[in-house]
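Working notes for the structure below.
Values quoted throughout were computed directly from the atomic coordinates according to the rules given, and no laboratory measurement underlies them. Owing to the predicted nature of the structure, the values given are computational and were not obtained by experimental measurement. Cβ placement follows ideal geometry from the backbone for every residue including glycine, while neighbour counts extend to all protein chains displayed.
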Amino acid sequence: MTTEAATRRMPGAPCWVSLLAHSLSATQEFYGALFGWEFRPGPQHFGPYARAFLDGREVAGVGELAPDRHLPVAWTTYLASEDADATADQIRSCGGTVAVGPLDADDDAGRMAIGSDPQGAIFGIWQGRSMMGTAVSGEPGTPVWNELVTQETSVVEPFYERVFGFEAEPVGSADFDYLTLHIKGHPVAGIHGVGNGPLRDRGPYWMTYFAVSDTDAAVRRVTGLGGRVLQPAQDSVHGRLATVADSEGASFTIIQKR
């Protein structure tokens with residue numbers, strides 16, 4: 001399940017994660033206490049934005065929604081692209097939607113866009129120039145995996161294969177609807193088909209996994225910081241994991257790898 005930072009920069013692979021929240025200061029306080037992140041100012045295209053660093057290495061971004069924008073607070077997975085404009089065109093031609101961009105980031109760091117697949121799952125596109133994406137992956141406090149949670153994998157698999165060049169590989173038994181997405185033989189992301197029930201309120205979405213050194217201790221920190229537990233800690237073949245929400249309700253998964 002681990003994807004190293006270099007693998008994450010392959011075209012098509014998840015390369016960056018970013019959160020839009022209502023209060024930038026409160027969000028920085030939450031994740032700073034949870035993961036040990038430090039923050040520096042970032043691009044200001046859509047309002048206040050900060051980049052998160054761990055031990056001096058860039059790991060994620062956090063932005064603040066305008067007061068009049070009542071959008072869900074959620075983590076967004078960005079997929080790497082060598083040409084954001086061409087990828088945006090491909091998204092549209094394959095039945096997806098491009099809602100923002102493509103546009104240049106500040107300081108010529110790169111070019112980005114926000115799109116969604118035909119089922120409505122939102123993701124970003126990032127064409128890096130000076131800033132290529134997450135500088136470290138797999139260590140505690142950094143992104144380690146990205147997974148699309150949707151109704152049926154077979155419905156969206158062709159979209160991601162055509163747009164991003166993924167090779168899909170079924171995982172598990174016939175009654176477990178899961179695909180691992182590969183690029184040049186490297187596992188870079190997953191698609192989990194969960195049926196209709198768990199998606200009634202939110203619709204399909206991309207989930208970010210962050211590595212932690214101790215899942216149970218991290219869960220206690222989440223609740224102590226005002227967050228919630230959505231799925232209690234449990235063991236899996238990849239490690240001990242739990243799905244939680246931050247103090248504003250943005251969900252993510254934490255995992256202590258085996």
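Which one of Pro204, Phe252, Met112 has its Cα pushed farthest toward the positive end of the charge dipole of the chain, where Lys and Arg give +1 and Asp and Glu give -1 at the Cβ?
Farthest along the dipole direction, towards plus: Phe252.
Provide the convex hull volume over Cα atoms per residue for the stretch 48-111, in Å³. Show your work: numbers first, answer last.
On the way: hull volume 8.4 nm³, N = 64.
Expressed per residue, the convex hull around the Cα atoms of the stretch 48-111 is 132 Å³.
Work out the length of the dipole vector of the chain about its Cα centre, built from +1 on the beta-carbon of each Lys and Arg and -1 on the beta-carbon of each Asp and Glu, and round it to the nearest 20 debye.
On the way: 19 positive and 31 negative charges, 73 e Å.
Rounded to the nearest 20 debye, it is 360 debye.
In nm, give the distance between the simple-model label positions of Leu71 and Val100, each being 7 Å from the Cα along the Cα-to-Cβ direction.
0.4
When the Kirkwood hydrodynamic radius is evaluated over all pairs of different C-alpha atoms of the stretch 143-257, what value in angstrom, to one decimal, is obtained? Present the calculation step by step, with values, prior to reporting the outcome.
On the way: mean 1/r = 0.0664 Å⁻¹.
Roughly 15.1 Å, rounded to one decimal.
Over the chain, what lengths in whole Å, largest first, do the semi-axes of the equivalent ellipsoid take, defined as the square roots of 5 times the eigenvalues of the alpha-carbon gyration tensor?
Working: eigenvalues 118, 108, 63 Å².
Over the Cα atoms of the chain, the semi-axes work out to 24, 23, 18 Å.
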